[in-house]
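All remarks here apply to the structure that follows.
We did not get these values from a lab; they are worked out from the coordinates using the rules stated. None of the values given here were measured: they were computed from a predicted structure. Backbone-built Cβ (ideal geometry, glycine too); neighbour counts: all protein chains shown.
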Amino acid sequence: MKPLLDIQNLHIAFDTSCGKLRVVNDISLVIEEGQIFGLVGESGCGKSVTSLAILQLIPKPGHITHGKILFRGDDLLAKSQREMQQVRGGKIAMIFQDPFTSLNPVFKVGRQLLDVIRQHHKIDKKEAKKRVLSTLDSVDLPDVERIFESYPHELSGGQQQRVMIAMALISEPSLIIADEPTTALDVTIQAQILRLLRQLCDERGISILLITHDLGVISEVCDKVTVLYAGAVVETASTDELLANPQHPYTQGLLAAIPQSAQKGQALQAIAGVVPANPGAITGCVFASRCPHVYDRCEHKPSLFTIGENHQSACFLQEEVTHG
Amino acid sequence: MSLSRLFLGKRGEEPPDNDFDPSLVQRSGWAHTLYVIRRDVLAMFSVLWIAAMLISAIAAPLLAPYPEQGAGRNNVDDRLLPPSTQYLLGTDELGRDVLSRLIYGARPAMSSSLVVVAVAVLIGTPLGAIAGYFGGWVDEIIMRFTDLFLAFPSLLLAMAIVALLGPSLMNAVIALVASWWPWYTRLVRSTTRSLREQYFVEAARSIGVSDAMIIWRHILPNTITPILVQSTIDIGTVILATTSLAFIGLGTQAPNADWGLMIEGARQFLRQAWWYSIFPGAAIFLTVLAFNLLGDTLRDIFDPRQYR
Amino acid sequence: MDKQALVTVRGLVKHFPLPGGWLSGKRRIVQALDNINLDIVQGEVLGLVGESGCGKTTLGRCILQLIRPTEGSVQFDGDELTQLRGDTLRRKRAHMQIVFQNPLVSLSPRRTIQQSLTEPLSTHHMPREEWMPRIDALMQRVGLGIQHLDRYPHELSGGQLQRVSIARALLLEPKLLVLDEPTSALDVSVQAQIINLLDELRREIGLTYLFISHDLSVVEHLSDRIGVMYLGKLVEIGNTEQIMKQPSHPYTKALLQSVPRVGSRRMHEAPLLEGNVPSPINPPSGCRFHTRCPIAEAICQQSEPILEATGAAQWAACHLTIKETL
Ligand SMILES: Nc1ncnc2c1ncn2[C@@H]1O[C@H](COP(=O)(O)OP(=O)(O)OP(=O)(O)O)[C@@H](O)[C@H]1O
Ligand SMILES: Nc1ncnc2c1ncn2[C@@H]1O[C@H](COP(=O)(O)OP(=O)(O)OP(=O)(O)O)[C@@H](O)[C@H]1O
Ligand SMILES: [Mg+2]
Ligand SMILES: [Mg+2]
């Protein structure tokens, strides 16, 4: 498969009153056509800023200090804000965590969708409305005529998120970036939305970058996963491989920390310690301060070692295993 | 947007280029406040100007070139002289040094505004906290009572009270307190109502802490910053009110020095002696502006991070 | 039930009146809890699950009388809590404590950790010389040191703060601890630390927990019994193993299948539940679940099912499963 989005050595920093906060340090990942790519990690590890960087939407004191983001071979970072406007909501669309705050409360849903269509395509009003209605229908919303005439607050959270997905779909994107799209929703609604995303990928070949902190969500829908820790990639693999055969001590720790029915009554395996405050200042492995296997080589920064087909991990232990 | 931002395109210097230092984040709120003020030219001006006015008020006899004239002694030989090396800002119609009068005029301005705001806060805060915390009929009674005071335009109410008690600075202060405290009741009440819903208040209740202790330990400390911001801005407004009252003869009485009184005296000599009216006017303007700017800066500092 | 109940809840109802609506003459109310009956047995962990807004927090707060229930009775340790007022209720609070979801906002922002920890002791008139030994011992037990005592809440991490909250709740040696989503604001790697701590504490001290969470895997791990709520109603309650293996209520079944789990891949299948959660302002008639229930029949719209036994230690409120088991 050919790469759709190729992020190479991305670095992002925020200029704060307390100095330069380097929140993303050397992240690389490749998303292929027609797959759901999971980006998982704990709060503050840099998932959202990485996804915002793709569309050059990092909030103000933050900026990209180094790196390349290739979309079908095109460097997005070299584009002007004007050119980016065509990309945003065009070839690449975005869905956020809280659907309510992403919709404008004073306009009807239909009007907001029409605006998006007419920004990217020169078509007449009737044609546009037909497309909006069929898009609303394609995200399994019932009674699309009524939804078209509704204000956002008249819809439930799940319906709002479907409207957001419809808005993303309208310009027929190749990539949808979904930043925790189900975190604000109920579990039964979450299941519905995740299934919809899976369908969009399978039936239309749209790639999805799905950001979440829930390994369960990853397991249910993603094809490939990258695990982030403190602004760095620690492991990348296909979902099945990662869950069955986690290699990095952090991934292993995360999986062991999730309660499983089999271990009821036993203590969970917790990862001791806390996430470092400023990962950019750490010269060695970012996980070293909490790692149970830490040893002298960890004072240096490990690069991503290829362990198997589609499986990479940033840990010296793996390098030693694979290279004897 | 704050006033100071409008004046100043870029706010202070660039942030430091060094690497992030987590120890800096843990600085106390006050250290952070000072840090922001130091980087903001207008806020810095405000602090310096206010400090200068306070020092003038406290040390007037030491600072004024002609202390007796500042206190009111006539010097009719030197009537309405323009600024010169002898009288830096000129003299008034009784020959008194305008600079000395201004320095002495800082006394009623600063003292009365501080007293008015302090007393208004002392009356308004407990009432607001009680109304906001308990709600229901307690709230209803207290708030209707404050509405009664708020229904009159504040300067009009003050004029009525002074007219009743007789014109003097003391009575002007009483009158202004009467029209200012309800604003603090309102402010504290609304802050308290949002605090009451916070989990730490519920946590205190779940432990069995009594209502009085909850208000004292958990509510009041968290109302301090909004009160501080509001009272800083209010001090400027009260200075405007006391000088206005003096101007119409209901505040400070001659021969005591007062900026409002000086402008009133200068009215007849606007053409002959520009210095006589300009300088007290500038003193009022700059002082009110300084308190407003400082209040705005404090609001910018505290508001977004009240509950990080 | 053979063991003694620490908490007995009978016919608990909580309505929140909504502001406004007086123009039309009809006040709208949120029916947050409707006729809840349950026992919390001495020494057990009762897990409470359900989707957002179904009334879990409201139930916890009503049991502790942090908000007064509209109707019904709550007996705690032999006392009828709904009858207690003022000082008697405040003294009773030493025996029942609560830990909230977000530890940062449940500690006073302008008080040091030590000030927050001494508050329960001073409030309940513990002799002053006992304060520090108790605080020290508990801080150590929850994995913190005395160096944390003079810090302010914003200077500690979420996990550390939740430990402080737990320590504060335990200072008065309560019998009942209500845990309202104590780990949902925390990262996965820290969540496990807190769950282990809670588990150890209850084994050591013999505490009783009401453990509220929407995370089924966590509830399953900690609880002896599980109660499932839907739209202000308790729809099923029973032993953890039984509920997880053989849920009787169709909602419980759907909930179990909707939770994303590591190692499963079910998103190609049709989800069990269509549609949205109805509003608690105008809940559906009869069984509140009938609008989304895949097996609903005519009777479900008309009459309200009550909790009935569906297994040895399992009760569900559903007309159809009961018919099935009979
Ligand atoms: N405007 C900002 N100013 C300073 N630092 C910021 C800003 N926005 C984000 N950060 C920092 O960047 C880091 C990464 O943030 P990001 O939002 O990407 O995290 P995340 O992985 O999406 O976390 P979450 O799961 O909580 O959404 C965090 O440490 C955060 O503190
Ligand atoms: N103080 C209040 N005033 C009005 N309505 C309220 C109040 N507190 C709760 N409610 C309503 O009561 C219902 C139950 O709320 P509750 O907080 O108990 O839900 P929950 O199960 O704890 O949800 P979550 O999982 O989101 O915490 C909701 O519909 C909520 O909107
Ligand atoms: Mg994020
Ligand atoms: Mg809740």
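Between the amide H of A:His66 and those of A:His11, distances stay under 5 Å, these residues lying 5 or more places away or on another chain, with hydrogens modeled in the peptide plane.
Taking only Cα atoms and a 10 Å spring cutoff, compute GNM fluctuations for chain C and point out the largest among C:Lys14, C:Lys245, C:Lys233. In this elastic network of chain C, the residue with the biggest mean-square fluctuation among C:Lys14, C:Lys245, C:Lys233 is C:Lys245. Peptide A:271-281 shows a mean partner chain C-beta count of 4 within 10 Å per residue C-beta. Result for chain C in a Gaussian network model with C-alpha springs under 10 Å: among C:Pro120, C:Pro19, C:Pro103, the largest mean-square fluctuation is at C:Pro19. Peptide C:273-279 shows a mean partner chain C-beta count of 5 within 10 Å per residue C-beta. Rg ratio for the stretch C:1-144: its Cα radius of gyration over 2.2 N^0.38 Å, N being its residue count, equals 1.28.
Fewest neighbouring Cβ atoms within 10 Å first, the residues C:Trp315, B:Trp49 line up as B:Trp49, C:Trp315. Counting every pair of alpha carbons in the stretch A:101-172, the share spaced more than 17 Å apart comes to 32 percent.
Local charge for A:Arg198 was computed over the other residues whose Cβ lies under 12 Å away, with Lys and Arg +1 and Asp and Glu -1, and equals -1. Given a Förster distance of 30 Å, report the FRET efficiency between B:Leu165 and B:Leu54 from their Cβ-Cβ distance, rounded to the nearest 0.05. It comes out at approximately 0.60. Taking every C-alpha pair closer than 8 Å and separated by at least 6 residues, the mean separation divided by the residue count of the stretch A:3-108 gives a relative contact order of 30 percent.
For the stretch A:95-145, the list of chymotrypsin sites (Phe, Trp or Tyr not before Pro) that fall in a loop by DSSP and count at most 15 other C-beta atoms within 10 angstrom reads A:Phe107. Per residue, the average separation of C-alpha pairs within less than 8 Å and at least 6 apart gives chain A a relative contact order of 21 percent.
Rounded to whole numbers, the Karplus 3J(HN,Hα) couplings from phi for the stretch B:75-92 are 8, 4, 5, 10, 4, 6, 7, x, x, 8, 5, 6, 10, 4, 10, x, 10, 9 Hz, using 6.51 cos²θ - 1.76 cosθ + 1.60 with θ = phi - 60°, and x at Gly and Pro.
For A:Ser48, the shell of other residues with beta-carbons less than 14 Å away shows a net charge of -3, using +1 for Lys and Arg and -1 for Asp and Glu.
For C:Lys253, the lysines whose Cα falls under 21 Å of its own Cα, not counting residues fewer than eight places away in the same chain, are A:Lys264, C:Lys56, C:Lys233, C:Lys245, C:Lys323. Counting every other Cβ atom within 10 Å of each residue's Cβ, C:Thr252, A:Thr16 order from fewest to most as A:Thr16, C:Thr252. Taking packing as the residue-averaged number of other Cβ atoms within 10 angstrom, the listed peptides C:217-224, C:133-140 run from highest to lowest as C:217-224, C:133-140. B:Leu150 sits among other residues whose Cβ lies under 14 Å from its own Cβ, and their net charge, with Lys and Arg +1 and Asp and Glu -1, is +2. Between amide H atoms placed 1.01 Å from N, distances below 5 Å from A:Glu33 occur with A:Lys2, A:Leu4, all of them 5 or more places distant or on a separate chain.
Note on A:180-193: average number of Cβ atoms from other chains within 10 Å of each residue's Cβ is 6. Between A:Asn310 and C:Ile205, the modelled label-to-label distance comes to 4.9 nm, taking each label 7 Å out from Cα in the direction of the beta carbon.
When you restrict to C-alpha pairs under 8 Å that are six or more residues apart and normalise by the size of the stretch A:101-172, the relative contact order lands at 47 percent. With neighbours defined as other Cβ atoms within 10 Å of a residue's Cβ, the residues C:Leu210, B:Leu102 order from fewest to most as B:Leu102, C:Leu210. Applying the Karplus relation 6.51 cos²θ - 1.76 cosθ + 1.60 with θ = phi - 60° to the stretch C:208-214 yields 3J(HN,Hα) values of 10, 10, 10, 9, 9, 6, 9 Hz, where x marks Gly and Pro.
Put simply, the amide H of A:Leu209, placed in the peptide plane, has neighbours under 5 Å in A:Phe37, A:Ile176, A:Ile177, A:Ala178, leaving out anything fewer than 5 places away on its chain.
Filter the trypsin sites (Lys or Arg not before Pro) in the stretch A:78-157 down to the DSSP loop ones having no more than 15 other Cβ atoms within 10 Å, then list what survives.
Those that pass, being in a loop and sparsely packed, are A:Lys122.
Scalar couplings 3J(HN,Hα) for the stretch B:205-212, obtained by applying the Karplus form with A = 6.51, B = -1.76, C = 1.60 to θ = phi - 60°, are 5, 5, 7, x, 5, 6, 4, 4 Hz; x denotes Gly and Pro. GNM on chain A, C-alpha springs below 10 Å: top fluctuator among A:Glu172, A:Glu83, A:Glu127? Fluctuation is largest for A:Glu127. The longest part of chain B holding none of the exposed loop GluC sites (Glu not before Pro), meaning those outside H, G, I, E and B in DSSP with at most 10 other Cβ atoms within 10 Å, is B:14-196.
When only the Cβ of Lys, Arg, Asp and Glu is charged (+1, +1, -1, -1), the dipole of the stretch C:50-207 relative to its Cα centre reaches about 340 debye.
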